[in-house]
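Some notes on the structure that comes next.
The values are calculated or read from the model by the stated rules, or taken from the named source; none is laboratory data. No experiment lies behind these values; they were computed from the predicted model shown. Reconstructed Cβ throughout: ideal geometry from the backbone, glycine too, with neighbour counts over all protein chains shown.
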Amino acid sequence: MAPSEIAHQDPPVATPTKRIVNDFSIQIATVNGSGSQTANLVLLRSIFGMGVPVSGKNMFPSNIAGLPTWFTIRANKDGYIARKAGIDLLVAMNAETAREDVLSLDSGASVVYDQPLKLDTLRNDLVFYPVPFDELVAGICKDAKLRRLVRNMIYDGVLANLLDINRSQMEKALSKQLGAKPKAVELNKGALDAGFKFADENLEKRDGMTIEQMDAVSGLVLVEGNTAAALGAMMAGVTVVTWYPITPSSSLCETLIEYLKKYRIDKETGKATFAVVQAEDEIAALGMAIGAGWAGARSMTSTSGPGISLMGEFAGLGYYAEVPAVIFDVQRVGPSTGLPTRTAQGDVLTTAFLSHGDTRHLMLFPASVGECYSMAIEAFDLAERFQTPIFVMSDLDLGMNTWMSKAFEYPDKPLDRGKVLTKETLERIGKFGRYRDVDGDGITYRSRPGDGMPASFCRGSGHNEWAQYSERPEDYEKNIDRLARKFETARNWMPAPVVEINRKASIGVIAFGTTHWAIVECRDQLLAEADMQTSYYRVCSYPFRAALASFIERYERVYVVEQNRDAQMLSLIKLDMPVELMRRLRSVLHYSGLPIDARTITDSILLQEGYRVEKTGAEVPRKRSAGVGGE
Amino acid sequence: MATVTPSESRKKVNRIGLESKEYRGGKTTLCAGCGHNAISERIIGACYEMGVDPTMVVKLSGIGCSSKSPAYFLGESHGFNTVHGRMPSVGTGALLANQKLIALGVSGDGDTGAIGVGQFVHLMRRNLPIIYIIEDNGCYGLTKGQFSPTADLGSTKKTGVVNDLPPIDTCALAVELGATFVARSFSGDKKQLLAILKAALSHRGTAMIDVLSPCVTFNDHEGSTKSYSYAKDHDDPLEDISFVPFFEDISVDYEAGTTQAVSMHDGSTLYLTKLEEDYDPLDKLQALRVLTETRRRGEFATGLIYVEPDRDDFLTMLNIVDEPLADLSEDRVRPPKAALDEIVESLR
């Protein structure tokens, strides 16, 4: 979408006519608030319904209505679902951005567009499919007021024809999207039919793209990360949810609220087994979660970068006073207000150390919606086991886009409430000290108000083992050292990394979160284009496991790939490594706000490995000439 | 000659069988003569006399001299000394987790009126069942005497610096925001403060009490409008409060104007005896007027300024189950497999 640098075009290029099956990106450029989301999701589901792996990424503005929005569907038979930089088929519905949208396409791409925009005059190396949307919608919708809502569905019909998308799958997807509203379904079906009919009778297919039935997604569902996290939180038995709205986190709590209202009402009394409070700000939201955690409830909040900044003080209190709470950070572009509707992984360092003084926090890094679900469940156990705040580091790409996932599994472990003081424990240890390490793991026992056990005083000020206020140097040091010991204990309780050791690998690659999807594709590209073998370590949590150092030790060069400017994860890893391993780490960075793509990573690694990389417009991977190679 | 053997003298206990000393806390580290110490003594007295179960009390505070005081009363109760100005949110969370707890929050005028004014506002709106005490000395004692937002216009610091911003009247603010129990007292007025605290313990909702508590070190000097001498000269009690807890089964019939009976949520009744001003604590406009007028005269209206006993408290509005959320067993908080399957099916 950037202003095009492709100003100079070669003389007419023959458009490729070889068939491209289940391997292209469709981008729909519309205006937000125009009902395009329904049409886009129907399209996504139709392709998914034909058994083809898909991803759908929404690029929307920080606005309610009227500004440009782009929805990109990638269909890929090999399961590569990360963003692809090049667009193969553009649906241009927004007059304001149409020119720029067309100019930024690679040669040979196709364009379905609103006929009056006359986009075919802009270039002669693309395939144009003009569609008279206004005329068509007038034909199927008598009520002028409703036309706005169905106009977009027409392009679904057009694409069904152009790409051989199964009509019944499309109708099934439509019913799913608008299921509860039969009149809307009927109207939209009319739009689908009109679009299909027009394309069938008027458009000559001049490109090779097609969708073919396959069987790669059997048993999978389509769901957003925030929905998965909400589901996980409910299955984890969360009872107190205190939150403040912020893009892109709001839908996590909003979805959770809907689930709770449906599945957590006591059948006998009709009363809720949960409490939800929309606090006055993020500070209060975390304060409430901490108060609830202190009093023994499973509590949580959800936010994004700006909220994390606000929560700093309470995060430090939670760490030092040792109170559990779960915080979801659905990361977006910072710093400051940043780009509220763009994705990033830029809160890693802030959150690891959130608050002044020697503070350190547990973090989980989900890479899929499946992990949003499972790590949400784990987070509550870990928060209570380690009596500390824990941060689930999702991001906008994961939280707000639609991803394929295996069906969620019912948790197989009971809730772990951690070291809660009981009569038996009290007898065993003799005298209760809230901050007294009796087991040697750095984790102490806690009692909760009203549980009949001895009370204690919780405070953010310096304290001794008996939770009394203390300024004594030895008390302070002993306590803060124990907190470090507790953090060390956590190392082996955190989710294990996902590691692929390739015996032929010359380099290692480290990544986390949604970067994973681009890594999968990148590793295949490196192999295909430069015969470069890689091993891959996906970080799932902080503190890191011991395996991380072992992994780095295997290779002379290890690339840490992440979506922020300052190599935050690489920096965090460095802190844990001896000098010899530190120097092996190299960065691959992407921070435009768009989800990272494989090509960016591949080119960066190739360059750093000494290869010459040609920058071409075409997205066709080609063998790069091996330059100096290696070092 | 009749003799009384000390060993035979009966130990005085309250209705749940506890002695007064079991409501005490640690030794105070506040300055000798600090008003906050007197308030702590009244809290001990009120909890003892009302037969409050200390194991169900949670003591909450922010940061400041006032916020240190919870360590000096109710040693058997859980306490949480939180962060500056943010105790309301922590208290809210604690009560969400366990609505059976009796919450007692201690704050200061800086903790509430400056950094905490935002959380104070929303706490008053929510009507969370908590006793919220502002130990108000018009200065930041712990950081050596800077002005706080309740410091009166024209009051001076020890160094001679004059405050030139109008004060925040936390009582007027609370009334305006919808607080259901607003009172003011003075740390040196033993009878009145004790009565107000006992009434607060019976109120189901937020009981906000502004207690003028002169700082002996930084604010108790000529020119401060919160010094002992100033308050004693300008104190303006609104009415005589005799609180009659229902379990003591005493009823008082007081002539001299009309007697206003106010029902509290636990079934007990608060009786107000009207003095010549004919004061009605149920009248919000009257409350605001009295607060403004007394303020104008350089006085402090003390007593129960406003009360609204019938509003639902925050927890009731949430319609949670009777058992504390913190205590719910796994089968009550983890939906069955069928629920998960249903959700997954809906995603297909």
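Determine which member of the set A:G296, A:G270, A:G307, A:G232 is more than 28 Å from B:R348 (Cα to Cα) and not in a loop (DSSP other than H, G, I, E, B). Steps first, please.
Working: A:G296 fails: not in a loop (DSSP other than H, G, I, E, B); A:G270 fails: not in a loop (DSSP other than H, G, I, E, B); A:G232 fails: more than 28 Å from B:R348 (Cα to Cα).
Testing whether each residue is more than 28 Å from B:R348 (Cα to Cα) and not in a loop (DSSP other than H, G, I, E, B) leaves just A:G307.
What number of residues within region B:312-327 are of a type in the set (S, T, N, Q) and touching a strand residue (DSSP E or B) at 6+ places or on another chain (Cβ under 8 Å)? Steps first, answer last, please.
Of region B:312-327, the ones of a type in the set (S, T, N, Q) are B:316, B:319.
Remaining after also requiring touching a strand residue (DSSP E or B) at 6+ places or on another chain (Cβ under 8 Å): B:319.
Matching residues across region B:312-327 total 1.
Can you tell me which of A:D381, A:D329, A:D416 is farther than 18 Å from A:P497 by Cβ, in contact with a strand residue (DSSP E or B) (Cβ under 8 Å, 6 or more places away or on another chain) and not aliphatic (A, V, I, L, M)? Working first, answer last.
Values: A:D381 fails: in contact with a strand residue (DSSP E or B) (Cβ under 8 Å, 6 or more places away or on another chain); A:D416 fails: in contact with a strand residue (DSSP E or B) (Cβ under 8 Å, 6 or more places away or on another chain).
Matching residue, one of A:D381, A:D329, A:D416: A:D329.
In this structure, is A:R523 free of Cβ contacts under 8 Å to residues at least 40 places away in the same chain, in the same structural domain as A:V561 (by TED's automatic domain parsing) and either surrounded by fewer than 16 Cβ atoms within 10 Å (Cβ to Cβ) or part of a loop (DSSP other than H, G, I, E, B) (or both)?
Values: free of Cβ contacts under 8 Å to residues at least 40 places away in the same chain: yes; in the same structural domain as A:V561 (by TED's automatic domain parsing): yes; either surrounded by fewer than 16 Cβ atoms within 10 Å (Cβ to Cβ) or part of a loop (DSSP other than H, G, I, E, B) (or both): no.
Spelling it out, it is not the case that A:R523 is free of Cβ contacts under 8 Å to residues at least 40 places away in the same chain, in the same structural domain as A:V561 (by TED's automatic domain parsing) and either surrounded by fewer than 16 Cβ atoms within 10 Å (Cβ to Cβ) or part of a loop (DSSP other than H, G, I, E, B) (or both).
Against the definition (small (G, A, S), within 27 Å of A:W466 (Cα to Cα) and either more than 9 Å from every other protein chain (Cβ to nearest Cβ) or touching a residue at least 60 places away in the same chain (Cβ under 8 Å) (or both)), how does B:S66 come out, yes or no? Spell out the reasoning first.
Details: small (G, A, S): yes; within 27 Å of A:W466 (Cα to Cα): yes; either more than 9 Å from every other protein chain (Cβ to nearest Cβ) or touching a residue at least 60 places away in the same chain (Cβ under 8 Å) (or both): yes.
Yes; evaluated as a whole, the condition is true for this residue.
Which condition number in (1) touching a residue at least 40 places away in the same chain (Cβ under 8 Å); (2) in a helix (DSSP H, G or I) is the one that A:I165 fails?
Answer for A:I165: the failing condition is (2).
With respect to A:D207, determine if the residue is part of a helix (DSSP H, G or I), of a type outside the set (A, V, I, L, M, F, W, C) and over 32 Å from the mean Cα position of the chain (by Cα).
Details: part of a helix (DSSP H, G or I): no; of a type outside the set (A, V, I, L, M, F, W, C): yes; over 32 Å from the mean Cα position of the chain (by Cα): yes.
Considered against the rule, which asks whether it is part of a helix (DSSP H, G or I), of a type outside the set (A, V, I, L, M, F, W, C) and over 32 Å from the mean Cα position of the chain (by Cα), A:D207 comes out as no.
Within region A:172-209, track down each residue that is in contact with a Leu (Cβ under 8 Å, 6 or more places away or on another chain) and closer than 18 Å to B:R348 by Cα.
A:A173, A:L174, A:Q177 - these are the residues of region A:172-209 that are in contact with a Leu (Cβ under 8 Å, 6 or more places away or on another chain) and closer than 18 Å to B:R348 by Cα.
For region A:407-433, which residues satisfy the criterion of being more than 10 Å from chain B (Cβ to nearest Cβ) and more than 16 Å from A:R385 (Cβ to Cβ)?
Result: A:D412, A:K423, A:E424, A:L426, A:E427, A:R428, A:I429, A:G430, A:K431, A:F432, A:G433.
Any idea which residue in region A:114-140 is nearest to A:M209 (Cα to Cα), counting only those that are in contact (Cβ under 8 Å) with a residue 40 or more places away in the chain and among the aromatic types (F, W, Y)?
In this case the residue turns out to be A:Y129.
Could you tell me whether A:T269 is polar (S, T, N, Q), in contact with a Gly (Cβ under 8 Å, 6 or more places away or on another chain) and within 12 Å of chain B (Cβ to nearest Cβ)?
Values: polar (S, T, N, Q): yes; in contact with a Gly (Cβ under 8 Å, 6 or more places away or on another chain): no; within 12 Å of chain B (Cβ to nearest Cβ): yes.
Spelling it out, it is not the case that A:T269 is polar (S, T, N, Q), in contact with a Gly (Cβ under 8 Å, 6 or more places away or on another chain) and within 12 Å of chain B (Cβ to nearest Cβ).
Enumerate the pairs (first residue in region A:564-581 and under 13 Å from A:S550 (Cα atoms); second residue anywhere and among the aromatic types (F, W, Y)) with beta-carbon separation below 6 Å, excluding pairs fewer than 6 apart on the same chain, so at least 6 apart or on different chains.
Short answer, once both residue conditions are applied: A:D576/A:F544.
Please find, among B:I115, B:I63, B:I130, B:I102, the residue that is among the aliphatic types (A, V, I, L, M) and in contact with a Ser or Thr (Cβ under 7 Å, 6 or more places away or on another chain). Can you show your working first?
Values: B:I115 fails: in contact with a Ser or Thr (Cβ under 7 Å, 6 or more places away or on another chain); B:I63 fails: in contact with a Ser or Thr (Cβ under 7 Å, 6 or more places away or on another chain); B:I102 fails: in contact with a Ser or Thr (Cβ under 7 Å, 6 or more places away or on another chain).
Sole residue among the options that is among the aliphatic types (A, V, I, L, M) and in contact with a Ser or Thr (Cβ under 7 Å, 6 or more places away or on another chain): B:I130.
Going through region A:463-477 one residue at a time, which ones are surrounded by fewer than 15 Cβ atoms within 10 Å (Cβ to Cβ), in a helix (DSSP H, G or I) and charged (D, E, K, R)?
Initial filter on region A:463-477 (surrounded by fewer than 15 Cβ atoms within 10 Å (Cβ to Cβ)): A:471-474, A:476-477.
Checking the rest, the ones that are also in a helix (DSSP H, G or I) come to A:473-474, A:476-477.
Those that are surrounded by fewer than 15 Cβ atoms within 10 Å (Cβ to Cβ), in a helix (DSSP H, G or I) and charged (D, E, K, R): A:E474, A:E477.
Out of (1) modelled with pLDDT under 95; (2) buried (at least 24 other Cβ atoms within 10 Å of the Cβ), what's the single condition that is false for B:L74?
The number of the failed condition is (1).
Would you point out which residue out of B:D331, B:D310 is under 28 Å from A:Y373 (Cβ atoms), of a type outside the set (F, W, Y) and more than 9 Å from every other protein chain (Cβ to nearest Cβ)?
On the way: B:D310 fails: under 28 Å from A:Y373 (Cβ atoms).
One residue alone meets the criteria, B:D331.
If a residue must be surrounded by fewer than 20 Cβ atoms within 10 Å (Cβ to Cβ) and not hydrophobic (A, V, I, L, M, F, W, C), how many such residues does region A:141-155 contain?
Residues flagged as surrounded by fewer than 20 Cβ atoms within 10 Å (Cβ to Cβ) and not hydrophobic (A, V, I, L, M, F, W, C) within region A:141-155 amount to 5.
Taking the criterion of being on the phi > 0 side of the Ramachandran plot and facing chain B (nearest Cβ under 9 Å), would at least one residue in region A:448-465 satisfy it?
Taking region A:448-465 first, the residues on the phi > 0 side of the Ramachandran plot are A:450, A:452.
Next cut, facing chain B (nearest Cβ under 9 Å) only: A:450, A:452.
Scanning region A:448-465, I find at least one residue that is on the phi > 0 side of the Ramachandran plot and facing chain B (nearest Cβ under 9 Å), so the answer is yes.
Considering each residue of region B:33-63, count those that are of a type outside the set (D, E), over 17 Å from A:G450 (Cα atoms) and touching a residue at least 60 places away in the same chain (Cβ under 8 Å), and give that number.
Looking only at region B:33-63, we keep the residues that are of a type outside the set (D, E), and these are B:33-40, B:42-48, B:50-52, B:54-63.
Right, trim to over 17 Å from A:G450 (Cα atoms) and you get B:33-40, B:42-46, B:48, B:50, B:61-63.
In the following step, the residues that additionally are touching a residue at least 60 places away in the same chain (Cβ under 8 Å) were identified as B:33-36, B:38-39, B:42-43, B:45-46, B:50, B:63.
Qualifying residue count for the region: 12.
Can we say A:L575 is closer than 14 Å to A:I510 by Cβ, of a type outside the set (S, T, Y) and modelled with pLDDT of 95 or more?
Details: closer than 14 Å to A:I510 by Cβ: no; of a type outside the set (S, T, Y): yes; modelled with pLDDT of 95 or more: yes.
In short, no.
May I ask you to list the residues in region B:303-348 that are assigned to a loop (DSSP other than H, G, I, E, B) and closer than 30 Å to A:L222 by Cβ? Can you show your working first?
Keep residues of region B:303-348 that are assigned to a loop (DSSP other than H, G, I, E, B), which gives B:308-313, B:319, B:321-324, B:328-329, B:334-336, B:348.
Selection gives B:R334, B:P335, B:P336, B:R348.
Of the numbered conditions (1) surrounded by fewer than 24 Cβ atoms within 10 Å (Cβ to Cβ); (2) closer than 22 Å to B:E330 by Cα; (3) at the interface with chain B (Cβ under 8 Å from one of its Cβ atoms), A:T242 satisfies every one except a single condition; which is it?
It fails just one condition, (1).
A:G179 versus (1) within 14 Å of another protein chain (Cβ to nearest Cβ); (2) exposed (fewer than 15 other Cβ atoms within 10 Å of the Cβ); (3) in contact (Cβ under 8 Å) with a residue 24 or more places away in the chain: which is the lone unmet condition?
Exception for A:G179: condition (3).
Taking the conditions exactly as written (crowded, with 19+ Cβ neighbours inside 10 Å, facing another protein chain (nearest Cβ under 10 Å), closer than 19 Å to B:N137 by Cα and modelled with pLDDT of 95 or more), does B:G105 satisfy them or not?
Values: crowded, with 19+ Cβ neighbours inside 10 Å: yes; facing another protein chain (nearest Cβ under 10 Å): no; closer than 19 Å to B:N137 by Cα: yes; modelled with pLDDT of 95 or more: yes.
Against the criterion (crowded, with 19+ Cβ neighbours inside 10 Å, facing another protein chain (nearest Cβ under 10 Å), closer than 19 Å to B:N137 by Cα and modelled with pLDDT of 95 or more), B:G105 does not qualify.
Among the residues of region A:434-447, write down those that are charged (D, E, K, R) and away from chain B (no Cβ under 14 Å). So that I can check it myself, show each step before the final result.
Residues of region A:434-447 that are charged (D, E, K, R), as a first pass: A:434, A:436-437, A:439, A:441, A:446.
A:R436, A:D437, A:D439, A:D441, listed by residue number.
Residue check: is B:A71 more than 19 Å from the chain's Cα centre (by Cα) and of a type in the set (G, A, S)?
Numbers: more than 19 Å from the chain's Cα centre (by Cα): no; of a type in the set (G, A, S): yes.
When the stated conditions are applied, B:A71 does not pass them.
Go through region B:275-294 residue by residue and tally those that are surrounded by fewer than 17 Cβ atoms within 10 Å (Cβ to Cβ) and either touching a Lys or Arg at 6+ places or on another chain (Cβ under 7 Å) or modelled with pLDDT under 80 (or both).
Of the residues in region B:275-294, 4 are surrounded by fewer than 17 Cβ atoms within 10 Å (Cβ to Cβ) and either touching a Lys or Arg at 6+ places or on another chain (Cβ under 7 Å) or modelled with pLDDT under 80 (or both).
Going through B:I39, B:I16, B:I44 one at a time, which residue ends up being of a type in the set (V, I, T) and more than 16 Å from the chain's Cα centre (by Cα)? Show your work before the answer.
Numbers: B:I39 fails: more than 16 Å from the chain's Cα centre (by Cα); B:I44 fails: more than 16 Å from the chain's Cα centre (by Cα).
Testing whether each residue is of a type in the set (V, I, T) and more than 16 Å from the chain's Cα centre (by Cα) leaves just B:I16.
For region A:18-56, which residues satisfy the criterion of being assigned to a strand (DSSP E or B) and of a type in the set (D, E, K, R)? Talk me through it step by step, then tell me what you get.
Of region A:18-56, the ones assigned to a strand (DSSP E or B) are A:20-21, A:23-31, A:54-56.
Within region A:18-56, just A:D23 meets the criteria.
Could you list all residues from region A:292-313 that are in contact (Cβ under 8 Å) with a residue 60 or more places away in the chain and within 8 Å of chain B (Cβ to nearest Cβ)?
Passing the criteria: A:G293, A:W294, A:A295, A:G296, A:R298, A:S299.
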